[in-house]
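Undergrad: Input: one structure, supplied below.
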Amino acid sequence: MDLIVGTAGHIDHGKTSLVQALTGVNADRLPEEKQRGITIDLGFAEMQIGDHRIGFVDVPGHERFVKNMLAGASGIDVMLLVIAADEGVMPQTREHFEICRLLGVKRAIIAITKTDLADEETADLAQIYAEELVAGTVFEKAPVVRFSSRNGDGVDELRSMLIDAAANIERRNSDLVTRLPIDRSFTVKGFGTVVTGTLASGQIDMVSRLELMPVQTAVRIRGLQVNGATKDQIDAGQRTAVNLAGIDHAEISRGMELVDAGLLRPTQVIDAEVEVLAASPKPLRSRQRVRVHLGTAEILARLHVLSSDSTEIAAGQTDLLQLRLEMPTVAVPGQRFIIRSYSPQVTIAGGTVIDNLAERHRRKDLDGVRQYLSDRLAAAKDPENSLAILTDHSGRAGISRQQLQASSGLSTEAFDKALGACLAASSIVDADGRFVSDIHFAAVETEVLQAVERFHQRDPLERGISRETLFSGSLAFLHPNIAAAVIGRIQSRGGIVVENDLIRSAEHSSQMAPDEAAFAEALLTTLENAGLEVPRIAEAVEASRRSLPLVRANKLLHMLVSSGRLVKVSDEFYFAPAAIARTIELIKAAGGTMDVAAFKGLTGVSRKYAIPLLEYFDRIHVTARVGDKRVVLK
């Protein structure tokens with residue numbers, strides 16, 4: 001089992017010396033660190049104890065370099081809290097301790113160092129202060145060891161504590177997308193670009209498709225190493241070096257991440273739950289400018305408290321807020337972060353990402369937003385419930401697979417499993433790759449059926465409502481995939497009938513009132529008896545309608561045409577279908593070509609009817625006009 005141990009503590013309390021005593025490696029790698037005798041940037045060392053590989057991240061203790069400390073603390077499993085026996089708990093001891101607690105580190109070992117420089121009573125006092133510091137926290141029962149790097153006291157005891165920690169450490173979540181926050185980027189002669197970091201989640205092997213975030217640059221893996229040994233696969237929780245091809249190390253900086261290609265999206269707006277330190281000198285306020293430490297990145301941001309009745313979160317309180325970042329980054333739900341004041345730079349809060357792809361909220365919506373974020377927080381360890389909540393929040397607009405997976409932070413395997421369970425349980429509906437909650441899908445179904453019924457009540461003589469008319473108004477912005485899926489489901493259940501572009505209720509039929517039926521019968525009889533020498537339609541309608549209002553008569557005329565009981569040849573002339581069919585038979589029998597005179601002779605009609613009829617036959621491809629003649633089409 002791999003274990004990543006991060007040192008924590010005040011400057012000159014012996015963190016680097018402790019790591020060297022355990023591993024034989026001086027983690028101070030920079031010339032200026034060796035010259036000045038203080039740690040400035042992150043240092044790294046490894047050791048093997050039995051079956052356990054233990055990696056150390058040695059962090060600087062000076063207050064000016066907390067930024068660097070935070071980059072290393074983001075990936076540790078165990079905090080090695082180093083407190084000098086001759087000085088006890090100091091300001092950076094407290095800040096480092098709070099940072100590790102806020103980052104969700106669950107195990108700690110307390111090392112009282114430099115015991116060779118203090119008497120027993122002073123060392124006891126340092127231990128009492130250390131135990132008071134961790135009292136009431138997850139580290140309350142952390143083992144304590146007294147240590148001296150000069151005479152070797154406590155080395156064996158500390159190794160035993162590390163073995164116990166490695167044997168009992170909680171494994172990292174394997175369901176999350178692959179993420180490697182980068183803490184170093186450099187070049188190695190003969191190999192090229194190398195980046196290092198602790199794999200936060202997922203796996204990396206030689207064929208993994210990765211991209212560099214937030215710049216979204218595809219990269220190719222040339223090699224993987226753990227503790228200097230070449231590996232074919234890296235698992236979550238391991239410190240690793242990745243040799244990359246196709247990119248210069250100067251294009252990569254601390255704070256970037258290697259992630260599974262195509263699964264995450266850059267973000268600048270994050271909704272989160274935040275705990276303000278009790279020792280914070282001021283509350284967190286909306287529009288306050290702060291420094292956010294997320295993964296190995298430091299990003300300036302503005303805070304917006306998500307409360308409809310307050311713009312502050314007081315010291316010692318936990319509440320919801322939105323981070324509006326000044327630079328894009330990448331994040332996943334459940335990821336921990338630290339907030340430090342802009343100036344002076346002091347740690348004031350820490351939090352957990354809830355919505356990694358949030359949108360800016362309107363004040364009037366905050367009550368609903370708080371409920372949504374609370375639901376997501378409660379379902380954080382339940383992938384199926386999380387997907388259902390995300391989909392429901394997307395409303396009737398639905399959500400694409402890529403956006404749903406990016407919002408969940410799940411690996412492809414875990415995402416497919418959770419989504420499959422939701423689809424099987426019918427809590428989510430798949431509308432041809434657009435996912436919508438069963439509640440919103442059912443609501444759209446109801447609205448569509450109601451719209452169809454309202455249309456029939458308003459225009460009972462019409463055969464049905466067109467798709468264009470149906471999907472307007474409140475349904476205008478419905479995603480086409482969802483619209484099609486809704487129509488398909490209602491149709492499959494027998495609720496509607498779809499005829500070309502028209503949609504009608506399955507129970508609908510065009511019922512006419514007695515006066516309407518009398519008008520239709522009179523009009524049809526007039527036109528059928530007239531053959532091809534029909535009266536103008538306005539005259540025929542006027543003669544047939546008797547007391548029927550003209551508006552209703554014209555609607556009935558439109559219905560007779562749409563149902564195929566009349567044929568509209570022009571705005572002036574309507575014919576019985578039988579008369580048109582007989583004329584087409586005559587034309588086909590004649591074949592060849594004909595002009596207007598020939599058509600008049602064939603049908604016995606005057607030019608008044610011949611011209612509109614020939615133009616109609618051209619439109620329906622019975623004939624085709626060539627100059628002054630018509631060619632009869634086969």
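Throughout, read-outs are computed from the coordinates displayed, never taken from laboratory work. Nothing here was measured: the structure is a model prediction, and the numbers come from that model. When we count neighbours, we look across all protein chains shown, and the Cβ atoms used for this are built from the backbone with ideal geometry, even at glycine.
Undergrad: Asn243: net charge of surrounding residues, Cβ under 11 Å, Lys/Arg +1, Asp/Glu -1, itself excluded? If you can, show how the numbers build up before the last one.
TA: Working: positive: Arg220, Arg222; negative: none.
My count for the surroundings of Asn243 gives +2.
Undergrad: What net charge is computed for the residues neighbouring Pro460, neighbours being all others with C-beta under 10 Å from the C-beta of Pro460, Lys and Arg scored +1, Asp and Glu -1? Display every interim value, and only then the final one.
TA: Values: positive: Arg458, Lys555; negative: Asp459, Glu462, Glu516.
In short, -1.
Undergrad: Could you point to the residue in Val19, Val369, Leu556 farthest towards the positive end of the chain's charge dipole, with +1 and -1 charges on the Cβ of Lys/Arg and Asp/Glu respectively?
TA: Projecting each Cα onto the dipole axis, the largest value belongs to Leu556.
Undergrad: Using the Cα centre of region 84-182 as origin and beta-carbon charges of +1 (Lys, Arg) and -1 (Asp, Glu), tell me which of Ala167, Thr122, His96 is placed farthest towards the positive end of the dipole.
TA: The residue sitting most towards the positive pole is Ala167.
Undergrad: For region 2-168, what does the alpha-carbon gyration tensor say about shape, rounded, prolate or oblate, given a ≥ b ≥ c as the root eigenvalues, a/c under 1.5 as rounded, and a/b over b/c as prolate?
TA: Details: a/c = 1.13, a/b = 1.05, b/c = 1.07.
Because its axes are fairly even, with a/c under 1.5, region 2-168 counts as rounded.
Undergrad: Alpha carbon centre of region 220-274 versus region 548-608: separation in Å?
TA: A separation of 74 Å, based on Cα centres.
Undergrad: Please report, in debye to the nearest 20, how large the charge dipole of the chain is about its Cα centre when each Lys and Arg carries +1 at its beta carbon and each Asp and Glu carries -1 there.
TA: On the way: 72 positive and 82 negative charges, 566 e Å.
The calculation lands at about 2720 debye.
Undergrad: On to the next question. Need the full-extension length gain, Lys381 to Gln225, defined as separation in residues times 0.36 nm minus the C-alpha distance. One decimal, nm. It would help to have the intermediate numbers written out before the result.
TA: Working: separation 156, 0.36 × 156 = 56.16 nm, distance 3.11 nm.
Net length gain for the segment: 53.1 nm.
Undergrad: Expressed in nm to one decimal, what extension gain is obtained for the pair Glu507 and Lys282 from 0.36 nm per residue of sequence separation less their Cα-Cα distance? Could the numbers behind the result be given before it?
TA: On the way: separation 225, 0.36 × 225 = 81.00 nm, distance 6.75 nm.
Between Glu507 and Lys282, full extension yields 74.2 nm more.
Undergrad: Cα-Cα over 26 Å: which of Lys114/Lys282; Lys67/Lys282; Lys15/Lys189; Lys106/Lys417; Lys568/Lys608?
TA: Details: Lys114/Lys282 36 Å; Lys67/Lys282 21 Å; Lys15/Lys189 31 Å; Lys106/Lys417 29 Å; Lys568/Lys608 15 Å.
In this structure, Lys114/Lys282; Lys15/Lys189; Lys106/Lys417 lie more than 26 Å apart at Cα.
Undergrad: If you project the alpha carbons of region 179-260 onto their three principal axes, what span does each projection cover, largest first, in Å?
TA: Cα spread of region 179-260 along its principal axes, largest to smallest: 27, 25, 22 Å.
Undergrad: Would you mind getting me the FRET efficiency between Ala167 and Arg289? Use the beta-carbon distance for r and R0 = 56 Å, nearest 0.05. Working shown, then result.
TA: Numbers: r = 44 Å, r/R0 = 0.79.
Plugging the Cβ-Cβ distance into 1/(1 + (r/R0)^6) gives 0.80.
Undergrad: Out of [x] 29.6; [y] 35.0; [z] 30.5, which label holds the value of Kirkwood radius over Cα pairs in Å that was computed here?
TA: Recomputing Kirkwood radius over Cα pairs in Å here picks out [z].
Undergrad: Rounded to the nearest 0.05, what FRET efficiency do Ile128 and Ala245 give with R0 = 41 Å and r taken as the Cβ-Cβ distance? Could you check? Kindly include the intermediate steps, with their values, before the conclusion.
TA: Values: r = 54 Å, r/R0 = 1.33.
Approximately 0.15, to the nearest 0.05.
Undergrad: Any chance you could check the Cα centroid distance between region 473-497 and region 276-306 for me, in angstrom?
TA: With region 473-497 and region 276-306 each reduced to a Cα centre, they are spaced 46 Å.
Undergrad: Charges on Cβ only, +1 for Lys and Arg, -1 for Asp and Glu, centred on the Cα centroid of the chain; of Val66, Phe435, His249, which one is farthest towards the dipole's positive end?
TA: It is Phe435.
Undergrad: Now, a different point. What's log10 of I(q)/I(0) for region 122-268 at q = 0.15 Å⁻¹, Debye sum over Cα points only, no solvent?
TA: Listed by q, the Debye log ratios stand at -0.85.
Undergrad: Another question, then. Under a cut-off of 18 Å between alpha-carbon atoms, report the lysines in cross-link reach of Lys588, not counting same-chain residues fewer than 8 places apart.
TA: List returned: Lys600, Lys629, Lys634.
Undergrad: Between region 346-384 and region 61-134, how many Å separate their Cα centres?
TA: Taking the Cα centre of each part, region 346-384 and region 61-134 sit 32 Å apart.
Undergrad: For Thr311 and Ser606 in the same chain, what is the full-extension length gain: residue separation times 0.36 nm, less their Cα-Cα distance, in nm? If you can, show how the numbers build up before the last one.
TA: Numbers: separation 295, 0.36 × 295 = 106.20 nm, distance 8.46 nm.
Full-extension gain reported as 97.7 nm.
Undergrad: Below 12 Å, Cα to Cα, which aspartates and glutamates can Lys555 reach? Residues fewer than 8 away in the same chain don't count.
TA: Straight-distance partners of Lys555: Asp459, Glu462, Glu516.
Undergrad: Something else: What percent antiparallel are the DSSP beta bridges of the chain, to the nearest 5?
TA: Details: 97 of 117 bridges.
In the chain, approximately 85 percent of DSSP beta bridges are antiparallel ones.
Undergrad: Another question about this same structure. With each label point set 7 Å from Cα along the Cα-Cβ vector, what nm distance links Arg454 and Ala624?
TA: Distance between the two pseudo-spin positions: 4.7 nm.
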